1. Extending each Cα 7 Å along its Cβ direction at residue 184 and residue 167, get the distance between those two points in nm, one decimal.
2. Given points 7 Å out from each Cα along the Cα-Cβ axis, report the residue 80 to residue 175 separation in nanometres with one decimal.
3. Going by average Cβ neighbours within 10 Å, how do the peptides 32-38, 61-67 rank, with the highest at the top?
4. Between residue 20 and residue 67, what FRET efficiency comes out of the Förster formula 1/(1 + (r/R0)^6) with R0 = 22 Å and r the beta carbon distance, rounded to 0.05?
5. Any idea how far apart residue 197 and residue 117 come out in nm if each label point goes 7 Å out from Cα toward Cβ?
6. Given a Förster radius of 25 Å and the C-beta distance between residue 88 and residue 124 as r, what FRET efficiency does 1/(1 + (r/R0)^6) yield to the nearest 0.05?
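Derivation of every value follows stated rules applied to the coordinates shown; laboratory data play no part. These numbers were taken from a predicted model, which means no experiment stands behind them. A quick note on method: Cβ atoms are made from the backbone with ideal geometry, for glycine too, and the neighbour counts reach across all protein chains shown.
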C-alpha cells in the first residue's frame, strides 16, 4: 500500500525520472527482428513502450498498479492513434491478466519489489507467456558503485542479485543472454529469457 501511494504521488507531481518517453534500444532491436504477436508490458507506467510496440504491429496489453499512470497511458495512446489494452492490477498476483503472450517486457518494475514480492511475481509470470515466448527483463542489481558509495547502503541491498533473478526464473525459463550496464551509477542488466516448452 505504501509503495502504491508513493508511485501515485510521483505521477501526481510529475516527478517520474524512470519515464524517459523513449523506448530502449534493446526493445527496438527485438521488435525489428521478430514478427508481431501479443505483448504484455509489466509495470507499463504511462505507456511509452506499449505505444512503440503497437506502432510495430503488436497487440499490446499493459498492467500497472498506479491508476494515475494507467490514465496517462490511455491519453498518450489516443494521441498516438494506437489501440492498447490497459489493466489496473498488482504484478505480484496478476489477478486480471487475460490470455497469453509471445513477449513480456518488464522495464524496471521487478527490481522495485521486495524479495517476497519478487518471488511471487516470478512464480506467476510464466502463466502468461506462451511456450517459446520471450521475457525481457531490465533490472538494477545489487552491488556496484552506487551501493558502495551510498550512505543508504543497507537499504540499497533490496535490489536483486543476478543470481537471484536467474534462480527465480529458472524453473520455467531458459536464460538466453545478459547485457550488463550502468544506469545512474547503479549496476544494471538486461535479461532475455525464453519460456520453456
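1. Placing both labels 7 Å along Cα→Cβ, they lie 2.7 nm apart.
2. In this crude label model, residue 80 to residue 175 measures out at 3.1 nm.
3. Output ranking for 32-38, 61-67: 61-67, 32-38.
4. Numbers: r = 22 Å, r/R0 = 0.99.
Result of the calculation: an efficiency of 0.50.
5. 3.7
6. 0.90
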